[in-house]
Amino acid sequence: MAVDAGTRSPYAGRCQDDRVQAVVLAGGVGGARFAAGVRDVIGRDRVTVIGNTGDDIVLHGLRICPDLDTVMYTLGGVASAERGWGRAGETFRTRAELAAYGSPDSWFALGDLDLATHLLRTQLLAAGQPLSAVTDRLCARFAPGVRLLPMTDDPVHTEVVGPDGRAMHFQDWWVRHGARPPVARFDLVGGEQARPGPGVLAAIETADVLLFAPSNPVVSIGPILAVPGVAAAVRARRGPVVGVSPIIGGQPVRGMADACLKAIGVDCDAAAVGRHYGARTSGGLLDGWLVDEADADAVPALADAGVKAAAVPLYLRDAPTTAALVRDALALAT
Ligand code: FO1
């Protein structure tokens, strides 16, 4: 859906200027929908999305990259609207067959169309291509209109460690156990050795504006920032950094960010998440933080903490409301 650049943003005039570049840190469904709005406002081929790979998992011998695929499918216009992840018009016949065989991996619902992505990705990785090249190859088919960069080409995944020290893969915790088991900490396995993917640091350093999508701060944005060098690049960049709260009125907009935030001792509210990222003027990551109108009372406290905040409608109902939110984020990035 073409959305006018609008006049509420100081970038409005500049959006037509092919010099404006934005970079978005994103993971999950909310992140993908927000990234689609950034593309609609800034323009195609001027947005770089740095995608979380902490959710990646190998099942049935296939490398699955949920957050990269959600961005690719959503911006390619082929994502399932009701699930948010996977493909529209999906069927799960192969999964049913795998379950009938008693496959231990069939708990994770891989659709028949989606399987083609994982088969080709696994084949290209096995042939020695880095994840970034494979992602480019897969995206070429869907023309998302953004450059989608894995946060790293190195194999990493988020592990959930319980108070008893037992660890499980994030997807196990999220999908099979519904984020219910208690969490002592989240670890990015392989994180210490991971290097930022090709183009990641350059995009962070040079983009006119860097946006934190309203993704899960712990398991979507957190892993991206945990890749050595990424958080420092965000802090050091010249241009503004603006984030969008994934929490409205004390509740996550989707998913189970509340369980994740509790595990790291951060209150499930917009101001607490803004403070969790911190103000760049005091060593943190943010210059601006968008909260929903329901959390307008958080704005003064965030200002005191050095983060310029604004209270605007945050629900990503459809393309126009998402574009309005993006324009509000860009307006804060002045
Ligand atoms: N989420 C679920 O709750 N159940 C599933 O069976 C499931 C399968 C799945 C397959 C491919 C894919 O890309 C995503 C999938 N998801 C599923 C969502 C996934 O767990 C989340 O999108 C992220 O990893 C968290 O944002």
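Just a few scattered comments:
- Subset of the stretch 71-81 that is in contact with a strand residue (DSSP E or B) (Cβ under 8 Å, 6 or more places away or on another chain) and farther than 18 Å from Arg44 by Cα - its residue that is surrounded by the fewest Cβ atoms within 10 Å (Cβ to Cβ): Ser80
- Among the residues of the stretch 191-200, those identified as surrounded by fewer than 20 Cβ atoms within 10 Å (Cβ to Cβ) and within 19 Å of the chain's Cα centre (by Cα) are Gly191, Arg195, Pro198, Gly199.
- Residue match in the stretch 129-143 (condition: in a loop (DSSP other than H, G, I, E, B), under 22 Å from Arg254 (Cβ atoms) and touching a Lys or Arg at 6+ places or on another chain (Cβ under 9 Å)): no
- Scanning the stretch 87-109 for residues that are in a loop (DSSP other than H, G, I, E, B), within 13 Å of the ligand (Cβ to nearest atom) and closer than 17 Å to Val175 by Cα yields Phe92, Asp105, Ser106, Trp107, Phe108, Ala109.
- In a residue-by-residue description of the stretch 152-164, the property of being farther than 27 Å from Gly229 by Cβ and in contact (Cβ under 8 Å) with a residue 12 or more places away in the chain applies to at least one position.
- Filter result (in a loop (DSSP other than H, G, I, E, B) and farther than 25 Å from Gln21 by Cα) within the stretch 46-77: Gly54, Asp55, Asp56, His60, Gly61, Cys65
- Single residue of the stretch 157-186 satisfying the filter (assigned to a strand (DSSP E or B) and away from the ligand (no atom under 16 Å from the Cβ)) that is surrounded by the fewest Cβ atoms within 10 Å (Cβ to Cβ): Arg185
- Criterion: under 27 Å from Val218 (Cβ atoms) and either within 16 Å of the ligand (Cβ to nearest atom) or modelled with pLDDT under 95 (or both) - qualifying residue of Thr135, Thr152, Thr122: Thr135
- Any hit, the stretch 272-279, residues being basic (Lys, Arg) and part of a helix (DSSP H, G or I): yes
- Of the residues making up the stretch 52-83, just one is among the acidic types (Asp, Glu), out of contact with any Ser or Thr (no Cβ under 8 Å at 6 or more places or on another chain) and within 10 Å of the ligand (Cβ to nearest atom), namely Asp56.
- Filtered by the rule that a residue be in a helix (DSSP H, G or I) and touching a strand residue (DSSP E or B) at 6+ places or on another chain (Cβ under 6 Å), the stretch 219-233 gives Val219, Ile221, Pro223, Ile224, Ala226, Val230.
- Of residues in the stretch 181-240 being basic (Lys, Arg) and free of Cβ contacts under 8 Å to residues at least 60 places away in the same chain, the one nearest to Val291 (Cα to Cα): Arg235
- Yes/no for Ala329 being buried (at least 23 other Cβ atoms within 10 Å of the Cβ) and either under 18 Å from the mean Cα position of the chain (by Cα) or part of a loop (DSSP other than H, G, I, E, B) (or both): yes
- One residue stands out among those in the stretch 201-226 that are of a type in the set (S, T, N, Q) and in contact with an Asp or Glu (Cβ under 9 Å, 6 or more places away or on another chain): the one that is farthest from the ligand (Cβ to nearest atom), which is Ser215.
The values are calculated or read from the model by the stated rules, or taken from the named source; none is laboratory data. Quick caveat: nothing in here was measured; it's all calculated off a predicted structure. Methodologically, a virtual Cβ is constructed for each residue, glycine included, from the backbone with ideal geometry; neighbour enumeration extends over all protein chains shown.
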